[in-house]
Amino acid sequence: MFVKTFSACTPNEIYDKNTIVPGYNWDYNFKPNFVFEVPDTSKPYRLYINVRHLEAYPYMNLYVWLHILTPEGKVLHRRENVLLAEPSGKWLGEGLNGVWMMHQWCHDISFGKVAGRYQISIEQDMRVSPLPAVMSVGIRLEPGSPYKVKK
């Protein structure tokens, strides 16, 4: 199967890539995979999930599983809830002509002591398959702050 991907890194990002969901219907079996290099494991990184969807998307959120494969071959699993709309129904993110783009920060992630090639695959974890009106999904990774901000 041919899958289109597109990316747009800026100097602050080390990785930003999105994959188009075939037919804009995200089936359970479609698990986009993203491969990137982690050059420096001494600092944390900020991990974002990118979701582009149509206004016809029927839910206010999107549950996904992130499957992270390390250079040593370990697989880590993390479930994330991507909020796409407020309880009032107002879409979050940036919208234009019925298309919405959301970049949700998940968490700061530390890659341990091993620099190298990592992979993250994203699996949709909603109660319906295929999940309609999802145009693309992806991840963005950028350097994080070594300091915790106190509130």
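Sequence-ordered 3J(HN,Hα) estimates for the range 109-117 from the Karplus curve with 6.51, -1.76 and 1.60 and θ = phi - 60° stand at 10, 10, 9, x, 10, 10, 6, x, 8 Hz, glycine and proline given as x.
The HN-Hα couplings worked out from phi for the range 74-79 by the Karplus form 6.51 cos²θ - 1.76 cosθ + 1.60 (θ = phi - 60°) are 6, 10, 10, 10, 9, 8 Hz, whole numbers, x standing for Gly and Pro.
Peptides 90-98, 102-110, 33-41, 16-24 ranked from most to least packed give 16-24, 102-110, 33-41, 90-98, packing being the mean of other C-beta atoms within 10 angstrom over each peptide's residues.
Working note: Karplus 6.51/-1.76/1.60 with θ = phi - 60° gives the range 28-35 the couplings 3, 6, 8, 10, x, 10, 10, 10 Hz, where Gly and Pro are set to x.
The number of Lys pairs in the chain with C-alpha atoms less than 25 Å apart, excluding pairs fewer than 8 positions apart on the same chain, is 14.
A short reminder: the numbers here are calculations on the coordinates, not readings from a lab. Remember, predicted model here, so these are calculated numbers, not experimental data. Cβ coordinates were reconstructed from backbone atoms using ideal geometry, including for glycine residues, and neighbour counts include every protein chain displayed.
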